[in-house]
Amino acid sequence: MENRDWLILRELYRQKNITKAAESLFLSQPALTKRIRQIEKEFGVQIVHRGRRGVHFTPQGEYLVKCAEEMLLRLRQITEHLANMDNRVAGTIRLGVSNYFTRYQLPGLLKRFKTKYPDVEFQVITGWSKDVFKMVYNQDVHVGFVRGNYHWRGRKHLLFEEPICIVSQEKINLEDLPRLPRIDYETDDLLKALIENWWAENYTQPPLIGMEVDKADTCREMVANGLGYAILPRLVLSGKEELFTLNLTDHNGDPILRRTWMFYHEESLALKMVNAFVRFIEETDMSTPL
């Protein structure tokens with residue numbers, strides 16, 4: 001088995017589709033199929049069945065995929081620790097980053113760190129916070145930036161907290177919200193639950209959804225053009241200070257906050273590059289966009 005064979009098994013298992021796996025691995029479909037057949041020949045077992053709905057792994061194939069995850073993790077650990085034996089702070093830090101944090105904070109953050117540690121590179125994977133949480137948990141990344149309160153048993157650092165706001169082009173009153181058109185957007189489950197719980201505590205009728213869009217940024221622009229109101233985290237409103245905002249509060253009158261965290265495993269600090277990055281983050285004020 002070559003290292004690329006373990007990568008092929010893992011990616012094919014993730015995609016469950018020959019075409020998509022081949023594209024992700026920058027291989028042709030015939031080349032990928034040939035490698036799978038070669039692996040099956042080497043072990044003397046059938047790994048996958050190809051059907052109308054994609055690829056299905058046999059029990060032997062499932063076992064080899066589990067081995068692939070272990071082998072790739074071990075190989076990565078060996079590579080990182082060899083690089084760590086040098087006195088320089090160098091290597092590649094793998095980061096899992098929520099979509100919003102990527103948009104508003106990450107570029108300036110990495111630029112400042114890179115200036116201080118020019119021999120460090122970054123591999124960045126973006127996604128919803130729930131997916132980033134899984135990446136950190138499974139050690140697919142060294143450090144994760146997650147928005148929302150997830151139950152994490154490892155090391156963590158609170159980066160900042162922001163209020164959740166009602167936002168509109170013109171001033172509006174809370175009692176009028178059920179009758180006003182709201183612009184909704186795709187977001188993570190925790191934020192959605194936070195907003196829905198607040199609404200249920202304050203109103204007996206559902207919101208009047210006038211429009212649904214894919215991103216919070218798009219929602220903000222719709223609001224700025226007077227097409228309705230929205231409920232958004234404060235960070236998304238950067239550069240739109242002219243809009244009317246009203247913070248959501250709980251039954252005690254305290255603002256409802258959304259927290260952004262840095263998650264990582266204790267053992268990751270043994271790597272000089274990760275240790276330096278974590279310390280850098282802890283010493284950086286990220287209450288405003290960088």
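Can you pull out the trypsin sites (Lys or Arg not before Pro) in the stretch 196-290 whose DSSP state is coil and whose Cβ has at most 12 other Cβ atoms within 10 Å? Mind dumping the intermediate values first?
Working: sites: Lys215, Arg220, Arg234, Lys240, Arg258, Arg259, Lys272, Arg279; in loops: Lys215, Lys240.
Answer by residue number: there is no such site.
Which lysines, on any chain, are close to Lys34 with Cα under 29 Å apart, when same-chain ones fewer than 8 places away are left out?
Lys16, Lys20, Lys66
From the Cα gyration tensor of the stretch 163-257, with a ≥ b ≥ c the square roots of its eigenvalues, which class applies: rounded if a/c is under 1.5, or else prolate if a/b is larger than b/c, or else oblate?
Working: a/c = 1.29, a/b = 1.24, b/c = 1.04.
Since a/c stays below 1.5, the shape of the stretch 163-257 is classed as rounded.
As an exercise, use a Förster radius of 45 Å and the Cβ-Cβ distance of Asn202 and Phe122 to find the FRET efficiency, rounded to the nearest 0.05. Before the final figure, lay out the partial values.
On the way: r = 42 Å, r/R0 = 0.94.
According to the calculation, E is roughly 0.60.
How long is the chain along each principal axis, judged by its Cα atoms, biggest number first, in Å?
70, 54, 32
When DSSP beta bridges are limited to those with both residues in the stretch 163-257, what percentage is antiparallel, rounded to the nearest 5?
60
Determine the percent antiparallel among the DSSP beta bridges restricted to the chain, to the nearest 5.
Working: 26 of 43 bridges.
Within the chain, antiparallel bridges account for around 60 percent of the total.
How charged is the neighbourhood of Gln46? Take every other residue with its Cβ under 13 Å from the Cβ of Gln46, and add Lys/Arg as +1 and Asp/Glu as -1.
Numbers: positive: Arg37, Lys41, Arg50; negative: Glu40, Glu42, Glu62.
Overall, the nearby charge balance is 0.
Mind computing the radius of gyration and Dmax over the alpha-carbon atoms of the stretch 3-77? Å is fine for both.
11.6, 38
Under the rule of at least 5 residues apart or a separate chain, name every residue whose amide H is placed under 5 Å from the amide H of Lys215.
HN-HN under 5 Å from Lys215: Glu186.
Please name which of Ala21, Asn247, Thr102 has its Cα lying farthest along the dipole of the chain towards the positive end, using unit charges on Cβ (Lys, Arg +1; Asp, Glu -1) and the Cα centre as origin.
Ala21
Using a cut-off of 25 Å between alpha-carbon atoms, which lysines can reach Lys156, once sequence neighbours fewer than 8 places away in the same chain are excluded?
Reachable lysines: Lys111, Lys114, Lys116, Lys130, Lys134, Lys192, Lys272.
Using a Gaussian network model of the chain whose springs link C-alpha atoms within less than 10 Å, name the residue from Glu11, Glu242, Glu23 with the highest mean-square fluctuation.
Glu23
Taking the Cα centre as origin and putting +1 on Lys and Arg beta-carbons and -1 on Asp and Glu beta-carbons, what dipole magnitude results for the chain, to the nearest 20 debye? Please report the intermediate quantities before stating the final value.
Values: 40 positive and 39 negative charges, 243 e Å.
Approximately 1160 debye in magnitude.
Which of Met273, Met262, Met222 moves most in a GNM of the chain, Cα contacts under 10 Å?
Among Met273, Met262, Met222, the largest mean-square fluctuation in the Gaussian network model of the chain belongs to Met222.
On a 0 to 90 degree scale, rounded to 10, what angle separates helix 106-116 from the longest Cα axis of the chain?
Relative to the chain, helix 106-116 is tipped by roughly 60 degrees.
For n ≥ 4 DSSP H runs only, could you compute -39500 (n - 2.57) per run for the chain, divide by its residues and tell me the 222 nm figure to the nearest 500?
Result for the chain: -13000 deg cm²/dmol, rounded to the nearest 500.
May I ask you to evaluate 6.51 cos²θ - 1.76 cosθ + 1.60, the Karplus curve with θ = phi - 60°, for each residue of the stretch 90-104 and list the ³J(HN,Hα) values in order in whole Hz, giving x for glycine and proline?
3J(HN,Hα) across the stretch 90-104, in whole Hz: 8, x, 10, 8, 8, 10, x, 9, 5, 4, 5, 5, 4, 6, 9.
Every number in this text was worked out from the coordinates using simple rules, so none of it is lab data. These numbers were taken from a predicted model, which means no experiment stands behind them. Counting neighbours? That spans all protein chains shown, and the Cβs are built from the backbone with ideal geometry, glycine included.
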